[in-house]
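Some notes on the structure that comes next.
The values are calculated or read from the model by the stated rules, or taken from the named source; none is laboratory data. Since we're looking at a predicted model, the values are computed, not measured. Positions of Cβ are backbone-derived with ideal geometry, glycine not excepted, and every protein chain shown enters the neighbour counts. Accessible surface areas use protein heavy atoms only, side chains included; no ligands, DNA or RNA. Shrake-Rupley method; radii C 1.70, N 1.55, O 1.52, S 1.80 Å.
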Amino acid sequence: MTTDAETIDQNAAARILLAAADRLIATQADAISAAARLIADGLRGGGLIQAFATGHSRSITAEIVGRAGGLVPANALSIKDLVMYGGADPREILDPTVERDPALAQRILDLAELHPSDVFVITSNSGGNGSVVELARLAKAGGHPVIAITSAEHSRQITSRHPSGQRLFELADVVIDNGSPRGDATLELPTGVRITPTSSLTGVLIAQLMVTEVCGLLLAAGADVPVLVSANVPEGDAHNEALFARYGSRLRPSEP
């Protein structure tokens, strides 16, 4: 969307973001429902959600994992696990381009305690970085369903950084298109650069719609719905600790 300086304001951004949300709801309902079914089946089978992302896409993982009002059986997998759980030197992961390295994926999975019924939710706007593609490949090879949250427009226009040439959407069992344009940002400044990215807003919306539908499916099946209560209400700690105990060491503690 190209505009001039006089019309670049919060109203312009609001119109873009609201349109992105409306478009997502109109086009991705079936994909979100399919993803919810995979997750509900996995949770009923004793599995967890294993959510992975790099860069800014980690904000969507944070909306799925350790979220008050969200599901307890969910882990956040991250490149920083190599430091937090694997003893790697922090300097190894401080280069923002390290997400392009496919070799990191196996090391990340080696630190996770996986269950056969675990379901992977992998978020990447571009869907082409090596660690993202390789982690999806390894999850699929291990028999786990893979749900991708990605931009179809962006991903189809790039060359994968994975040696296979594959992109995330080509590996996933369910692809949820966040609707973001190539490069993510939408509102063009007079200088030619763009601002107002949409993938975070649509990603959070996807996460909440998906989790809500999972809870509905669990209720309809007569299954327990393990929901995290805010730790900042008096009853939160006792409620949550009882749920955490069910999953033992498989469930990682959330970061403060």
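Values computed for the structure shown
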| quantity | calculated |
| --- | --- |
| Condition met for Arg23 (among the charged types (D, E, K, R), under 30 Å from Thr191 (Cα atoms), open to solvent by 90 Å² or more (accessible area, probe 1.4 Å) and touching a residue at least 24 places away in the same chain (Cβ under 8 Å)) | yes |
| Neighbours by Cβ (under 6 Å, 6+ apart or cross-chain): first from the stretch 149-166, outside any helix (DSSP H, G or I); second among the charged types (D, E, K, R) | Gln157/Arg182; Ser160/Arg167; Arg161/Arg100 |
| From Asn125, Asn75, residue being within 27 Å of Ala31 (Cα to Cα) and either β-branched (Val, Ile, Thr) or outside any loop (DSSP other than H, G, I, E, B) (or both) | Asn75 |
| Residues that are within 22 Å of Thr123 (Cα to Cα) and out of contact with any Leu (no Cβ under 8 Å at 6 or more places or on another chain), drawn from the stretch 5-28 | Leu18, Ala19, Asp22, Arg23, Ala26, Thr27, Gln28 |
| Subset of the stretch 216-253 [exposed (fewer than 14 other Cβ atoms within 10 Å of the Cβ) and closer than 23 Å to Tyr85 by Cα] | Glu241, Ala245, Arg246, Gly248, Ser249, Pro253 |
| Some residue of the stretch 102-112 being of a type in the set (Asp, Glu), out of contact with any helix residue (DSSP H, G or I) (no Cβ under 6 Å at 6 or more places or on another chain), modelled with pLDDT of 95 or more and open to solvent by less than 40 Å² (accessible area, probe 1.4 Å) | no |
| The listed residue being farther than 22 Å from Ala14 by Cα and among the small types (Gly, Ala, Ser), out of Ala148, Ala207, Ala185 | Ala148 |
| Residue satisfying condition, being open to solvent by 50 Å² or more (accessible area, probe 1.4 Å) and either within 22 Å of Pro145 (Cα to Cα) or modelled with pLDDT under 95 (or both), within set Leu189, Leu201, Leu209 | Leu209 |
| Residue among Arg37, Arg91 that alone is surrounded by fewer than 16 Cβ atoms within 10 Å (Cβ to Cβ), in a helix (DSSP H, G or I) and touching a residue at least 24 places away in the same chain (Cβ under 8 Å) | Arg37 |
| The stretch 216-229 residues that are closer than 10 Å to Leu43 by Cα, paired with ones that are at pLDDT 95 or above and among the basic types (Lys, Arg) (beta carbon under 6 Å, 6 or more apart) | Ala223/Arg44 |
| Only listed residue being touching a residue at least 60 places away in the same chain (Cβ under 8 Å), more than 21 Å from the chain's Cα centre (by Cα) and buried (at least 16 other Cβ atoms within 10 Å of the Cβ), chosen from Ile49, Ile32, Ile8 | Ile8 |
| Which numbered condition Phe120 fails, given (1) open to solvent by less than 60 Å² (accessible area, probe 1.4 Å); (2) part of a helix (DSSP H, G or I); (3) farther than 18 Å from Arg182 by Cα | (2) |
| Arg67 being within 25 Å of Ile108 (Cα to Cα), open to solvent by 40 Å² or more (accessible area, probe 1.4 Å) and not in a helix (DSSP H, G or I) | yes |
